[in-house]
Structure formats: structure tokens, C-alpha cells
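S.K.: Have a look at the structure that comes next, please.
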Amino acid sequence: MFELKQIVRPNIWALKPYSCARDEFQGEASVYLDANENPYNAPFNRYPDPLQLTVKAEIEKVKGVAVKNIFLGNGSDEAIDLVYRVFCEPKEDNVVAIAPTYGMYGVCADVNNVEYRTVLLDEQYQFKADALLKVADAKTKVMWLCSPNNPTGNALDAQEIEKLLKAFKGIVVLDEAYIDFSAHPSWVKRLAEYPNLIILQTLSKAWASAGLRMGMAFASEEIIALFNKVKYPYNVNILTQEKALEMLRNPKKVSDWVDILLKERAKMVADLGQLAIVEKIYPTDANFVLVKVNDAVKTYNHLVSKGIIVRSRHTVVLCGNCLRITVGTQEENAILMKELKTL
Ligand SMILES: *Cc1c(COP(=O)(O)O)cnc(C)c1O
């Protein structure tokens with residue numbers, strides 16, 4: 001049995017959250033004299049909604065997740081940090097993650113002084129639930145999964161994810177930052193089945209709004225309540241909330257972009273396959289392609305000299321001589337291919 005209280009830090013479980021003016025009074029009034037705001041310069045004189053309820057109502061429509069199961073943060077990075085602050089006692093608890101994966105899980109572990117254990121993916125960049133469980137102990141509070149994974153691009157095996165969710169008595173975080181580009185379904189529809197599941201999504205990738213800084217965490221009402229207790233009261237500013245609402249009200253635009261990018265991705269994979277310098281193109285479910293070349297440093301430097309920036313993952317474990325290439329516009333991808341052909 002999964003028991004939330006058993007894995008939450010005792011001080012967080014007992015925490016009485018800061019109560020701000022906007023928490024104490026909710027609703028419509030004509031005169032606001034409760035928050036020491038300046039009455040001029042509307043609408044920016046007012047504090048934002050601390051729980052971003054209007055934005056969440058729109059996310060409920062788009063994602064099919066109830067408002068009470070949604071946390072919004074200053075990028076997914078805020079949610080990643082909150083996972084540590086809510087569940088992991090510094091210098092005592094540990095977490096387990098696949099490797100290679102998104103670097104922020106490890107950086108936030110270091111910031112919070114929490115031991116970060118890793119298990120290497122296999123040749124196909126897949127994991128086995130048993131391998132993660134094997135390195136876990138009584139102090140393991142969280143397991144980090146990312147699907148589609150960054151930087152490898154592939155979706156993780158759904159059967160192994162399910163196995164881990166069932167067997168592990170702590171939190172399983174599943175980062176779905178790239179889910180809108182994936183042929184595999186999101187796990188959001190299955191949240192109710194797994195009280196230990198936290199799903200991360202973001203407006204930074206398919207939603208084309210990395211500059212807004214809005215990340216989403218989907219989880220049980222109890223976990224969301226813990227996040228809300230620990231977060232800064234006004235963690236998502238008015239400008240971000242307004243622009244996010246505008247984006248969320250036009251999901252058709254996003255699905256059109258995704259359609260274009262998936263076609264461009266297929267073309268990029270086909271074109272890369274024609275190049276002599278390319279040794280392997282890894283299967284991708286994301287808006288980027290991980291590609292192994294004969295000399296990653298040389299290729300990277302050549303592209304930089306031509307004003308084209310890709311991400312070298314050469315020094316990342318299991319990614320020797322690999323470049324991670326984001327799918328751009330047709331024009332951008334054509335410029336990239338033209339330069340790669342000269343090598
Ligand atoms: C890009 C990315 C994110 C997005 O982070 P934000 O803070 O929301 O911009 C999250 N997880 C992974 C794996 C990513 O690659």
C-alpha cells in the first residue's frame with residue numbers, strides 16, 4: 001500500500017502555509033484595501049491569483065485533468081524542485097533516476113543535498129523497473145522517469161513504467177515535456193489509478209511558450225495540496241497567466257505546429273540517413289533527433305562557425321559522439337542539411 005504520509009518530510013506534512021490576502025478573500029468586490037497594493041496602474045497593481053484557477057480551468061478542458069489535480073509553476077523546473085522539498089530530507093533520503101536523462105533532476109538533488117542514484121539505460125535507451133528497484137532502499141523517496149526521454153528522444157516502455165508504479169511505494173515522477181510529439185499516449189488519463197504518480201508537462205515545447213515559464217504537474221489532490229503549501233504564494237505572474245490563457249484557448253494552433261514539426265522531423269531523419277558522417281539515428285518521439293556522427297566535436301564546431309547551433313551530447317553517458325538536433329522550420333532544417341553535406 002502507498003501511504004503518502006510515510007514519504008512526505010514530517011516538517012512539510014505539519015507545515016501551516018503562509019496565508020496571503022488573496023487566500024483569505026476570494027471572489028468579486030468593488031474596493032480592495034486588503035493587500036497594500038497601489039490603487040493605480042491597473043491591472044498590474046494587483047497580485048495575481050495564487051492558485052491560477054482561470055488558467056487551470058482552461059487546462060482542464062485541454063488536458064482532461066481536473067483543476068484539483070493540477071499544479072502550475074514557474075516552468076517544470078519549479079515542480080522538480082518542489083518534489084525534493086516536499087519528499088526528500090536533505091542528507092538522509094535519496095532518489096533514483098535513469099541515465100542519461102534531463103539534467104535538472106540531478107542539479108535539484110544537489111541543491112537540496114539529496115543523494116541522486118542513477119541506473120544506466122540499455123542499448124535501446126530503455127529501462128527495467130527491476131533495475132531501478134534494485135538500487136532503491138528504505139530511504140528512496142522518488143524515482144525519476146522521462147518519456148519521451150531527453151536527450152535520447154525515445155518513449156519509455158509503458159509496461160515497465162506500469163510495473164514501477166505498482167511495485168514502488170514512493171513517488172514516481174514521469175516527465176512528459178515532449179508528450180505532444182509522441183505516438184504514445186500520455187499517462188494523464190491514468191492518474192486516478194496511481195496515487196504515487198506525478199506527471200510533469202510544460203508550455204515550453206509543443207506550446208511554443210518557453211519564455212512564459214509555465215510548467216504543469218498533475219497528481220492526486222493530496223500531492224497537489226502539498227505543492228501548494230510549499231510554493232511561493234504568487235509563483236506565476238499576471239503576464240504569464242494572461243498569455244498562457246490566450247495560448248490554451250487556441251489548441252488548434254498547437255496541433256497544427258505539431259503536425260508540421262512531425263513532418264519536418266521525418267524529413268530530417270531521412271536526410272540525416274543519407275550523410276556519410278552519420279553513424280546512427282536514434283528513434284525519436286520528441287521534437288529533436290539524437291544522432292551519432294563520426295566526430296561530434298568537429299561537426300559541432302563546423303556548424304557553430306556557420307552560425308548553426310545544435311546541442312553536443314558527446315560528454316553525456318551513453319551518448320559519445322552524439323548531437324541533439326531540434327527540429328526547426330523547413331528553412332532552418334534545410335540550412336542545417338546543406339552545411340552537414342559539406343562535411
Ligand atoms: C525542456 C524540458 C522541460 C521543460 O522545462 P520548463 O522549466 O517547463 O521549461 C522539462 N523536462 C524536460 C525533460 C525537458 O526537456
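None of the figures in this text is laboratory data; all of them are computed from the coordinates on show. Here the structure is a predicted model, which means the values were calculated and not measured. Neighbour counts are summed over all protein chains in view; Cβ atoms, including those assigned to glycine, are modelled from backbone coordinates with ideal geometry.
S.K.: Taking the Cα centre of the range 109-168 as origin, sum charge times position over the Cβ atoms of Lys and Arg (+1) and Asp and Glu (-1), and report the length of that vector in debye to the nearest 20.
M.R.: 240
S.K.: Can you give me the distance in nm between label points at VAL111 and GLU60, each placed 7 Å from the Cα along the Cα-to-Cβ direction?
M.R.: 3.1
S.K.: Ok, one more. In degrees between 0 and 90, to the nearest 10, how far off the longest principal axis of the chain does helix 296-305 point, with axes built from Cα atoms?
M.R.: Approximately 80 degrees, to the nearest ten.
S.K.: If you don't mind, another one. Just to be sure I understand the curve: with the Debye formula and one point per C-alpha of the range 195-343, what is log10 I(q)/I(0) at q = 0.12, 0.19, 0.21 Å⁻¹?
M.R.: So the normalised log intensities are -0.68, -1.12, -1.24.
S.K.: How large is ³J(HN,Hα), in whole Hz, for each residue of the range 309-317 in order, when computed from phi with the Karplus curve 6.51 cos²θ - 1.76 cosθ + 1.60 and θ = phi - 60°, using x for Gly and Pro?
M.R.: Karplus-based 3J(HN,Hα) across the range 309-317 equals 10, 10, 9, 7, 10, 3, 8, 7, 4 Hz.
S.K.: Quick check: the angle from helix 53-63's long axis to the longest principal axis of the chain, C-alpha only, nearest 10 degrees?
M.R.: Around 40 degrees separate the two axes.
S.K.: Using +1 at the C-beta of Lys and Arg and -1 at the C-beta of Asp and Glu, which of TRP207, SER255, ILE238 has the Cα lying farthest in the positive direction of the dipole of the range 192-275?
M.R.: ILE238
S.K.: Moving on to the next point. On a 0 to 90° scale, report how tilted helix 330-341 is relative to the longest principal axis of the chain, with both axes built from alpha carbons and the result rounded to the nearest 10.
M.R.: The helix 330-341 is inclined about 40 degrees to the chain.
S.K.: Under unit Cβ charges (Lys, Arg +1; Asp, Glu -1), what dipole magnitude, rounded to 20 debye, does the chain have relative to its Cα centre?
M.R.: Dipole size: approximately 400 debye.
S.K.: How fast does the chain diffuse by Stokes-Einstein, in µm²/s, taking the Kirkwood radius from C-alpha pairs at 10 °C and 1.306 mPa s?
M.R.: The estimated diffusion coefficient comes to 73 µm²/s.
S.K.: Still on this structure, I have one more. Rg and Dmax of the range 102-170, Cα atoms, in Å?
M.R.: 12.2, 32
S.K.: Can you show me the helix-derived [θ] at 222 nm for the chain, built from DSSP H runs with n ≥ 4 at -39,500 (n - 2.57) apiece and divided by the number of residues, rounded to the nearest 500.
M.R.: Theoretical 222 nm ellipticity from helices: -11000 deg cm²/dmol.
S.K.: Could you tell me the distance between the Cα centroids of the range 198-260 and the range 74-146, to the nearest Å?
M.R.: Value for the Cα centre distance between the two parts: 22 Å.
S.K.: Over all alpha-carbon pairs in the range 285-343, figure out the percentage whose distance exceeds 13 Å.
M.R.: In whole percent, the share of Cα-Cα pairs in the range 285-343 beyond 13 Å is 60.
S.K.: Any of LYS166/LYS231; LYS16/LYS189; LYS16/LYS141; LYS141/LYS229; LYS63/LYS280; LYS163/LYS292 with alpha carbons more than 24 Å apart? Name them for me.
M.R.: Distance filter (> 24 Å) returns LYS166/LYS231; LYS16/LYS189; LYS63/LYS280; LYS163/LYS292.
S.K.: Grab the beta carbon distance between ASP34 and TRP13, set R0 = 25 Å, and tell me the FRET efficiency rounded to 0.05.
M.R.: 0.25
S.K.: If each residue of separation counts as 0.36 nm, what is the full-extension length gain between TYR232 and ARG190 once their alpha-carbon separation is subtracted?
M.R.: My answer for the length gained is 12.2 nm.
S.K.: Follow-up. Is there a quick way to get the dipole size of the range 155-254? I mean about its Cα centre, with the Cβ of Lys and Arg at +1 and of Asp and Glu at -1; what is the value in debye to the nearest 20?
M.R.: 220
S.K.: Please give, to one decimal in nm, the separation of the simple spin-label points placed at ASP130 and LYS341, each 7 Å out from Cα toward the Cβ.
M.R.: Here the modelled spin labels are 4.9 nm apart.
S.K.: Among TRP187, ALA99, PHE168, flag the residue with its Cα farthest along the positive direction of the charge dipole of the range 95-190, charges on Cβ as +1 for Lys/Arg and -1 for Asp/Glu.
M.R.: Value computed over the given set: PHE168.
S.K.: Here's another thing I want to ask about it. Counting only GluC sites (Glu not before Pro) that are in a DSSP loop and have at most 13 other C-beta atoms within 10 Å, tell me the longest site-free stretch of the chain.
M.R.: It runs 124-343.
S.K.: If you average 1/r across every pair of different Cα atoms in the range 231-305 and take the reciprocal, what Kirkwood value do you get, in Å?
M.R.: Here the Kirkwood hydrodynamic radius works out to 15.8 Å.
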